[in-house]
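For reference, the structure discussed in these notes is given below.
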Amino acid sequence: MALPELETTQYEVKDGIATITLNRPEKLNAYNAKMREELLALFDETDADDNVRVVVITGAGRAFCAGADLSSGGGTFDRKAQSGNLSRESLRVGDVYRDGGGTNTLRIYQSLKPVIGAINGPAVGIGATMQLPMDFRMASTTARFGFVFVRRGITPEAASSWFLPRLVGMQTAVEWTMTGRIFGADEALKHGLVRSVHEPDELLPAAYELAREIADNTAPVSVALARQMMWRMSAAPHPMYAHRIDSRSIQARGESADAHEGVTSFLEKRPAEFPNKVSTDMPEFFPWWEEPVFE
């Protein structure tokens with residue numbers, strides 16, 4: 001499927017790394033319906049393209065994402081007031097409108113490729129919650145974060161009540177969401193929201209260095225499985241659930257051409273050339289979970 005014309009994002013693939021850039025710099029990359037739709041399409045594209053090994057997301061200009069576009073005024077979050085909006089109506093399920101940001105975070109959660117957030121500036125509201133299902137978040141010293149929803153009279157969204165406590169612990173998650181205050185990169189690093197903090201001109205090079213470590217040395221199918229195993233087992237009620245999927249995965253991967261190549265290349269002291277592809281060689285048991293159903 002061809003990508004739609006991109007109006008709010010930019011997309012580039014180079015040497016196995018896809019870069020998605022939020023691209024409304026004059027609006028501090030404020031999130032709108034078009035950006036939601038483009039992000040969904042872009043993650044479908046990165047999953048389908050075997051040339052993409054890692055995805056990096058950043059923002060154009062001085063911000064990562066300043067949150068929802070509030071140009072509609074006080075009715076911005078009033079779903080019923082926007083009942084004629086075709087994009088909004090596409091999210092309607094009976095009398096409930098699905099949270100648009102949540103459709104993006106759930107899609108990132110389902111990604112078969114590792115995702116690195118290069119948070120280059122202010123990241124507020126959906127700009128903060130959008131990052132949570134990314135595997136790594138790396139921040140510029142100029143980055144600022146804010147889960148500001150209660151200060152706008154709404155509640156946390158984008159499935160952040162599931163993701164955030166898992167990343168930073170319940171007490172920190174509650175403080176950040178109940179106060180809605182803005183905090184800096186150092187506090188984000190202290191509590192584990194971000195992996196590392198970098199000077200502005202060093203952020204993207206550091207993100208690409210991490211991406212290269214994955215792209216150059218690992219088996220794509222194994223990475224896709226490992227990513228989903230880690231995220232989905234984080235909510236499992238007992239380690240036996242992990243043991244079951246470990247057992248199936250080790251058996252399937254152990255029989256694969258990738259495993260033979262991985263061991264042989266190690267013994268021969270040469271770089272591995274893994275032949276299996278995410279698009280065609282995922283094991284038969286994948287996906288092993290039931291897709292969540294919105295009711």
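The values are calculated or read from the model by the stated rules, or taken from the named source; none is laboratory data. Here the structure is a predicted model, which means the values were calculated and not measured. FYI the Cβ positions are ideal-geometry reconstructions off the backbone, even for glycines, and counts take in every protein chain you see.
For the range 1-39, which positions are of a type in the set (D, E, K, R) and part of a helix (DSSP H, G or I)? Passing the criteria: E26, K27, K34, R36, E37, E38. Looking only at the range 226-271, residues that are in a helix (DSSP H, G or I), polar (S, T, N, Q) and out of contact with any Leu (no Cβ under 6 Å at 6 or more places or on another chain) come to 5 in all.
Considering only the range 115-140, state which residues are within 13 Å of the chain's Cα centre (by Cα) and aliphatic (A, V, I, L, M). If the condition is that a residue be within 13 Å of the chain's Cα centre (by Cα) and aliphatic (A, V, I, L, M), then V115, I116, A118, I119, I126, A128, M130, L132, M134, M138 are the ones that fit. Filtering A188, A159, A206, A173 for residues that are in contact with a Gly (Cβ under 7 Å, 6 or more places away or on another chain), modelled with pLDDT of 95 or more and either of a type in the set (S, T, Y) or in the same structural domain as G101 (by TED's automatic domain parsing) (or both) leaves a single hit, A159. Among the residues here, T76 does not qualify as in the same structural domain as Q131 (by TED's automatic domain parsing) and modelled with pLDDT of 95 or more.
If you check R92, R98 for being among the basic types (K, R), exposed (fewer than 14 other Cβ atoms within 10 Å of the Cβ) and at pLDDT below 95, only one passes: R92. Against the test of being over 25 Å from the mean Cα position of the chain (by Cα), at pLDDT 95 or above and exposed (fewer than 12 other Cβ atoms within 10 Å of the Cβ), the options E268, E213 yield a single qualifying residue, E268. Condition (residue is within 25 Å of V168 (Cβ to Cβ), modelled with pLDDT of 95 or more and part of a loop (DSSP other than H, G, I, E, B)) applied to the range 218-225: is it met by at least one residue? No - not one qualifying residue is present in the range 218-225. Among the residues of the range 174-205, the one identified as over 18 Å from the mean Cα position of the chain (by Cα) and within 30 Å of G262 (Cβ to Cβ) is P205. Among the residues that make up the range 245-252, is at least one of them in contact (Cβ under 8 Å) with a residue 24 or more places away in the chain, under 30 Å from R166 (Cα atoms) and among the basic types (K, R)? Among the residues of the range 245-252, at least one is in contact (Cβ under 8 Å) with a residue 24 or more places away in the chain, under 30 Å from R166 (Cα atoms) and among the basic types (K, R), which makes the answer yes. Within the range 40-51, residues that are over 13 Å from V115 (Cβ atoms) reach partners that are buried (at least 18 other Cβ atoms within 10 Å of the Cβ) with beta carbons closer than 6 Å, at six or more positions or on different chains, in the pairs L40/R107. Among the residues making up the range 125-137, a single one is part of a strand (DSSP E or B) and either buried (at least 23 other Cβ atoms within 10 Å of the Cβ) or at positive phi (or both): R137.
Return yes when M178 is modelled with pLDDT of 95 or more, loosely packed, with under 13 Cβ neighbours inside 10 Å and not assigned by TED's automatic domain parsing to the domain that holds K277 and no when it is not. The answer is yes for M178. Scanning the range 51-59 for residues that are touching a helix residue (DSSP H, G or I) at 6+ places or on another chain (Cβ under 9 Å), farther than 13 Å from S111 by Cα and basic (K, R) turns up nothing.
Can we say E38 is touching a strand residue (DSSP E or B) at 6+ places or on another chain (Cβ under 7 Å) and either of a type in the set (D, E) or buried (at least 18 other Cβ atoms within 10 Å of the Cβ) (or both)? For E38, the condition - touching a strand residue (DSSP E or B) at 6+ places or on another chain (Cβ under 7 Å) and either of a type in the set (D, E) or buried (at least 18 other Cβ atoms within 10 Å of the Cβ) (or both) - is met. Give the residue that is farthest from the chain's Cα centre (by Cα), with candidates limited to residues of the range 141-171 that are buried (at least 23 other Cβ atoms within 10 Å of the Cβ) and among the small types (G, A, S). The selected residue is A143. Residue selection: R144 satisfies the criterion of being in contact with a Phe, Trp or Tyr (Cβ under 8 Å, 6 or more places away or on another chain), assigned by TED's automatic domain parsing to the domain that holds E202 and either in contact (Cβ under 8 Å) with a residue 12 or more places away in the chain or within 24 Å of D201 (Cβ to Cβ) (or both).
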